[in-house]
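What follows is a single structure, written as structure tokens, with notes after it.
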Amino acid sequence: MGKTSTGRILRSLSGFYDVQTPAGVITCRARGILRKEGNSPLTGDMVEITVEQGKGMVEKILPRKNSFVRPAVANMDALVIFAANVNPVTEPFLIDRVAAIAGDQEVPVYLCINKCDLDPAVDLIRIYEHAGIPVIRASAETGEGVEELRNLIRGKLTAFTGNSGVGKSSMLNRLCPELALPTGEVSEKLGRGRHTTRHVELYCLEPDTYVADTPGFSSFDTDQMDVMLKENLQYAFPDFGAHLGNCQFHDCSHRKEPGCAVVRAVENGEIERSRYESYLRLYEKASQIKLWELR
């Protein structure tokens, strides 16, 4: 039996797993029994490995606090959604959709509004500050907000997501220049095309601080929404929280029922209308899911 160690999977590709251990990064295979049990390792997993003659083997996956299908990543401490109000303009629904999926797994969400040197994005900032989502005003170009973001993600495993071109790779380069990620024309590394696969890689920015390179988050609408019950959606909107339980009907869907406290809050300006409209769109999508598909 080889030497046993514990570490975190930084990268998984074609059945090989790069595991960060106290002794350095070890490339491993995984025991076939894990796959047979339907428990394949994911990037971000904490695992027990054995090393013999320089070759590693993943023996056991330690308990996860969360996991996502696409991108295939586990144990996220937070999700940073990147948005901008210029080149390209981010649609609020994109933010709400991803934030709801993270919220459904109780992963904290931060919103980083990039390119504030070009457009201050006053409306976007107002909407999400009102919704109770922490907002960072930033510019990867000028450096605004970079240290605030660095402090926010320190000691955590976070994923950066957002529509193509909002500056995720530029911000990663600001946070860690030695990464030298390609930027400009919607970087191949973080954009679409052949890189949009289940391959996810963690970048170690400093000890215990990891950022996931996750092109797959843009596909959340077709993947992760399929495993979210419509009844749970209301809890994934933190701005609804103060009003839940105050409706006339205990099983209120917050759409057309009379005496709905959420609808009343929207009408009174306590909940942003764009947030509520996103809820309705997501509810409609979740309503199409059959219970047997969740098993």
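Isolated cysteines in the chain, defined as those with no second cysteine Cβ under 4.7 Å, comprise CYS28, CYS112, CYS116, CYS176, CYS204, CYS260.
Give me the percent of accessible area attributable to carbon and sulfur for the chain, probe 1.4 angstrom.
Values: 7000 of 14460 Å².
Here it works out to 48 percent.
Every Cα-Cα pair in the chain was counted, and those over 38 Å apart are 18% of them.
What does the helix-only formula give at 222 nm for the chain: each DSSP H stretch with n ≥ 4 adding -39500 (n - 2.57), the total divided by the residues, and the result rounded to the nearest 500 deg cm²/dmol?
Result for the chain: -6500 deg cm²/dmol, rounded to the nearest 500.
How high is the FRET efficiency between ALA242 and ARG137 when r is their beta carbon distance and R₀ equals 30 Å, given to the nearest 0.05? Working shown, then result.
Values: r = 26 Å, r/R0 = 0.87.
Computed FRET efficiency for ALA242 and ARG137 comes out at 0.70.
Given the peptides 87-100, 265-278, arrange them by the average over their residues of other C-beta atoms within 10 Å, most packed first. Each step should come with its number before you reach the end.
Numbers: 87-100: 19.4, 265-278: 16.8.
The densest-packed peptide leads the list: 87-100, 265-278.
Take 171-181, 42-52 and order them by the average number of nearby Cβ atoms within 10 Å per residue, most first; the result is 42-52, 171-181.
How would region 21-178 be classified by its alpha-carbon gyration tensor: rounded, prolate or oblate, with rounded meaning a/c under 1.5 and the a/b versus b/c comparison settling the rest?
Numbers: a/c = 2.87, a/b = 1.95, b/c = 1.47.
Prolate, because a/c is 1.5 or more and a/b exceeds b/c.
Kindly identify region 60-110 as rounded, prolate or oblate by the Cα gyration tensor criterion: order the square roots of the eigenvalues as a ≥ b ≥ c, call it rounded if a/c is under 1.5, otherwise compare a/b with b/c, prolate if a/b is larger, else oblate. It comes out prolate by the Cα gyration axes.
The residues of region 7-115 expose on average 43 square angstrom of accessible surface per residue, using a 1.4 Å probe on protein heavy atoms.
Which order, highest average first, do 233-244, 248-259 follow once you tally other Cβ atoms within 10 Å for each residue and take the mean per peptide? Provide the component values of the computation, followed by the final result.
Working: 233-244: 17.8, 248-259: 12.4.
Result, highest mean first: 233-244, 248-259.
With K and R counted +1 and D and E -1, the other residues having a Cβ less than 15 Å from that of ARG264 yield a net charge of -1. Measuring between their Cα centroids, region 242-291 and region 1-43 lie 43 Å from each other.
The values are calculated or read from the model by the stated rules, or taken from the named source; none is laboratory data. These numbers were taken from a predicted model, which means no experiment stands behind them. For neighbour counting, all protein chains shown are included, and Cβ atoms are generated from backbone atoms with ideal geometry for every residue, glycine included. Surface accessibility is based on the protein's heavy atoms, side chains included, excluding ligands, DNA and RNA. Shrake-Rupley method; radii C 1.70, N 1.55, O 1.52, S 1.80 Å.
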